[in-house]
1. Any idea how many residues of the range 75-103 are assigned to a helix (DSSP H, G or I) and either within 13 Å of the chain's Cα centre (by Cα) or within 14 Å of Glu280 (Cα to Cα) (or both)?
2. Report the residue count in the range 225-265 for those that are part of a helix (DSSP H, G or I), acidic (Asp, Glu) and either under 21 Å from the mean Cα position of the chain (by Cα) or under 19 Å from Trp195 (Cβ atoms) (or both).
3. Of all residues in the range 179-215, which are touching a Cys at 6+ places or on another chain (Cβ under 9 Å) and either part of a loop (DSSP other than H, G, I, E, B) or free of Cβ contacts under 8 Å to residues at least 60 places away in the same chain (or both)?
4. Mind telling me which of the residues Lys45, Lys25 ends up being charged (D, E, K, R), surrounded by fewer than 23 Cβ atoms within 10 Å (Cβ to Cβ) and in contact with a helix residue (DSSP H, G or I) (Cβ under 6 Å, 6 or more places away or on another chain)?
5. Looking at the range 91-101, can you tell me whether even one residue there is closer than 22 Å to Pro132 by Cα and charged (D, E, K, R)?
6. Looking at (1) part of a helix (DSSP H, G or I); (2) surrounded by 18 or more Cβ atoms within 10 Å (Cβ to Cβ); (3) in contact (Cβ under 8 Å) with a residue 24 or more places away in the chain, which is the one condition that is false for Ala222?
7. Would you confirm whether any residue within the range 197-210 is of a type in the set (Asp, Glu), within 20 Å of the chain's Cα centre (by Cα) and at pLDDT below 95?
8. Free of Cβ contacts under 8 Å to residues at least 12 places away in the same chain and either part of a helix (DSSP H, G or I) or not hydroxyl-bearing (Ser, Thr, Tyr) (or both): which single residue out of Ala68, Ala58 fits that description?
Amino acid sequence: MIALTPRRVAGALRDACRLDVIAFKPGNVSLDAPGHEMSACDFLKSAAVAVDALAAPAGGLGERVLAAIAATHAAVGCNTNLGIVLLTAPLALAALHPSAERNLRARLAALLGTTSVEDARLVYRAICLAAPAGLGASEDQDVRDEPTANLTRVMEIAAPRDFVARQYATVFDDVFERGLPTLRTARERWGSMAWAAVACFVRFAAEIPDSHIVRKYGEARAAALITRFREVESAMKACENPADLLPALVALDGELKLGGVNPGTSADLTVASLAALFLETALQAEQS
């Protein structure tokens, strides 16, 4: 039976969150580009307090999510990481559970098949505490009500309008089918995990309507953002040295932040992809 230690899982999550702020992601917060009334320091503080809850040796999925969001709220007083927590909590728990399976996605599928109504209730509390921008109402399983279905089911209901919820409904299809291949290809091509993270972010932003943008500004604005990022993606695929694109990325970053546009869901999916890569690598290296 194979299981990663809490320390190993916490290390993988910290590395993913560190790369999130090192990578220059247009419209998003990074070390070199604060914005949206937040700084990289806020995200690093959030990661520092959330990771231990996510990688705790005991506790269910809902407990981990709520503990991580409560710790974040106490540390920075704003929503820096709800999407990251919702996405990395099941990845972390899947790696912590003893299993003969080395494949992280197979572990994740088993975990998502066992979520409970209590998990949903605790996640609802976490979402209300984080109070993400543009949070609307739902006729079925609204987060302000008591859930009557398990966490995976309520995420399935929300999946058509939210790409974080979609991951629970599809066993993280976008993370494993888009994010991981992009990270591996870009890392091999450029020898840089930071630039691989940028490429991953750009692919998500160029291929899926960012849920954060849809909630705040509507589908038309999200579609326009996809068009802009497709131009960036084409340029990245054609370049030998991604650093040559930095002036264009900086210009786009300024344009997006001036308009208050933050592709936050694309960034969350990038962190989840990094975490999945690191956790799966660690699982593959474990001895039975």
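1. 15
2. Matching residues across the range 225-265 total 4.
3. We begin by selecting, within the range 179-215, every residue touching a Cys at 6+ places or on another chain (Cβ under 9 Å); these are 179-180, 182-183, 186.
Matches in the range 179-215: Ala186 only.
4. Numbers: Lys25 fails: surrounded by fewer than 23 Cβ atoms within 10 Å (Cβ to Cβ).
Criteria check complete, one pass: Lys45.
5. Checking the range 91-101: not a single residue is closer than 22 Å to Pro132 by Cα and charged (D, E, K, R).
6. Ala222 satisfies all of (1) part of a helix (DSSP H, G or I); (2) surrounded by 18 or more Cβ atoms within 10 Å (Cβ to Cβ); (3) in contact (Cβ under 8 Å) with a residue 24 or more places away in the chain except (3).
7. Yes.
8. Residue meeting the stated conditions: Ala58.
The values are calculated or read from the model by the stated rules, or taken from the named source; none is laboratory data. Computed from a predicted structure; not experimentally measured. No Cβ is skipped: glycine too gets one built from the backbone with ideal geometry, and neighbour counts run over all protein chains shown.
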